1. Need a quick list: strands (runs of 3 or more DSSP E) entirely within the range 255-369 having at least 1 residues that are surrounded by 17 or more Cβ atoms within 10 Å (Cβ to Cβ) and of a type outside the set (A, V, I, L, M).
2. Can you pull out every residue in the range 144-162 that is buried (at least 20 other Cβ atoms within 10 Å of the Cβ) and touching an Asp or Glu at 6+ places or on another chain (Cβ under 7 Å)?
3. What number of residues in the range 33-51 are out of contact with any Ser or Thr (no Cβ under 8 Å at 6 or more places or on another chain) and buried (at least 23 other Cβ atoms within 10 Å of the Cβ)?
4. Quick check on my filter: what residues within the range 139-154 are among the aliphatic types (A, V, I, L, M) and closer than 11 Å to residue 203 by Cβ?
5. For the range 79-104, which residues satisfy the criterion of being surrounded by 18 or more Cβ atoms within 10 Å (Cβ to Cβ) and part of a helix (DSSP H, G or I)?
6. Determine, yes or no, whether residue 181 is assigned by TED's automatic domain parsing to the domain that holds residue 132, out of contact with any Leu (no Cβ under 8 Å at 6 or more places or on another chain) and buried (at least 19 other Cβ atoms within 10 Å of the Cβ).
7. Restricting the search to the range 211-230, which residues are under 20 Å from residue 174 (Cα atoms), out of contact with any Gly (no Cβ under 8 Å at 6 or more places or on another chain) and touching a residue at least 12 places away in the same chain (Cβ under 8 Å)?
8. Six or more apart or on different chains, Cβ under 9 Å: which pairs go from a residue in the range 197-210 that's assigned by TED's automatic domain parsing to the domain that holds residue 159 and among the acidic types (Asp, Glu) to one that's in a helix (DSSP H, G or I) and modelled with pLDDT of 95 or more? Could you list them?
Amino acid sequence: MERPVFQPVGTAAIELDTPALVVDLDSATTNIERFHRYFQDTPAKLRPHLGFHQCPRIGHLQMAAGNTSGGIAVTSVGEAEVFGGTGFNDILVTGKVVTRSAMQRLCALAQTTIITISVDNADNIFNLSQIAMSSGIRLRVLIEVDSGSGWSGVQPGQAGLDLARIVENAAGLEFSGLFVNDRIGMDGNWEQAANKTHESLEPIIDTRKLIENSGMPVATVTVNGDYNFDTASRISGITEVYAGIYPLMDWKSSQIRPEFSPAAKILATVISHPIEARAVVDAGHKATAPDEGLPVLEGNPGAEATRFSAEHGILDLEQHLENELQPGAKVWLVPYNLELSVNQYDYFRAVRGSKLVGFWPISARGRFE
């Protein structure tokens, strides 16, 4: 558990103790407003996925921005429990719920919160039905359909219809529609991404028509729109787009969608300058989570983060910076994958106008179960 030094409101951001995960609320607000505007006149509405940042305060900023479906998405039952206790009453759980204890907890939460889950096999449906029935509640259920990745979900077409019929006939469950978990449109230019989105989602729309022609209404078709939201939200037959990266972004996502800027960064302090071409900072693996890629320095051209130990990061300096970044200097690191970094902290240091406005709990951190 992180045990930060709680500095007073009004402290300059650059004076915060380090390493610190800092969210610039001016940038985050701009990202949120820009993203939500895309859904102002679209057939599909936005369902913010809060599992990316795990922070209820940021989630409420998203919901207040409008053009949403009225609900949120999370990954796990544990996350649903946290957000269900902080004012969110319509929650889609995008991860699979398969253990008996998780199903019991989910059904307990469904006593007071609208809960929707996704399934992709008959055994899961049978077990959910038993526990939902014994709990005296009804769970909304979406059939997950594979859009081509092979990651999870049933195949489009008849397999989706067959599973929908099983849900329709299961006590304690309500068939609500279809669900796509794959991230589509991450590669290539905008036109290629748009074409890939249409190509990948066409079988999903065909599956919807097949189910409806069988006599079952399909109220909801929810798809992942982290990167292809502007295309997916305008495809007829898609009713919801869920996305979670856009409020804070990170280095990876900002390269794919550069109209949104990284709003969360790690502030670190130079603690050593052992040789001319190297500086050492107090942010290592534990602070930056560089598993998928190294963080990128902001505001220091000619300095590059090259490797990390558990506690320290190594910056290689070009010749014109060899006498810069002496001990005590502060640097900003933009995480390559912010989702991994967030899980290292219990708080965002929330900053507006370069001044601290509060420590915002990352309340769902570590709630994997």
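The values are calculated or read from the model by the stated rules, or taken from the named source; none is laboratory data. Since we're looking at a predicted model, the values are computed, not measured. Don't worry about glycine lacking a Cβ; one is built from the backbone with ideal geometry, like all the others, and counts go over all protein chains shown.
1. Details: elements: 264-275, 278-281, 296-298, 303-308, 313-317, 330-334, 347-352, 355-361.
Correct list: 264-275, 303-308, 313-317, 330-334, 347-352, 355-361.
2. If the condition is that a residue be buried (at least 20 other Cβ atoms within 10 Å of the Cβ) and touching an Asp or Glu at 6+ places or on another chain (Cβ under 7 Å), then 144, 147, 153, 154, 156 are the ones that fit.
3. If we filter the range 33-51 for residues that are out of contact with any Ser or Thr (no Cβ under 8 Å at 6 or more places or on another chain), which is where we start, we get 33-35, 37, 40-41, 50.
Next, only the ones that are buried (at least 23 other Cβ atoms within 10 Å of the Cβ) stay: 35, 50.
Matching residues across the range 33-51 total 2.
4. First, pick out the residues of the range 139-154 that are among the aliphatic types (A, V, I, L, M): 139, 141-143, 145, 154.
Once the filter is applied, which keeps residues that are among the aliphatic types (A, V, I, L, M) and closer than 11 Å to residue 203 by Cβ, the range 139-154 yields only 145.
5. Answer for the range 79-104, where residues must be surrounded by 18 or more Cβ atoms within 10 Å (Cβ to Cβ) and part of a helix (DSSP H, G or I): 79, 80, 81, 82, 83, 84, 102, 103.
6. Working: assigned by TED's automatic domain parsing to the domain that holds residue 132: yes; out of contact with any Leu (no Cβ under 8 Å at 6 or more places or on another chain): yes; buried (at least 19 other Cβ atoms within 10 Å of the Cβ): yes.
Answer is yes for this residue.
7. Residues of the range 211-230 under 20 Å from residue 174 (Cα atoms): 211-223.
Narrowing further to those that are out of contact with any Gly (no Cβ under 8 Å at 6 or more places or on another chain): 212-217, 223.
Hits for the range 211-230 are 214, 216, 223.
8. Qualifying pairs under 9 Å: none.
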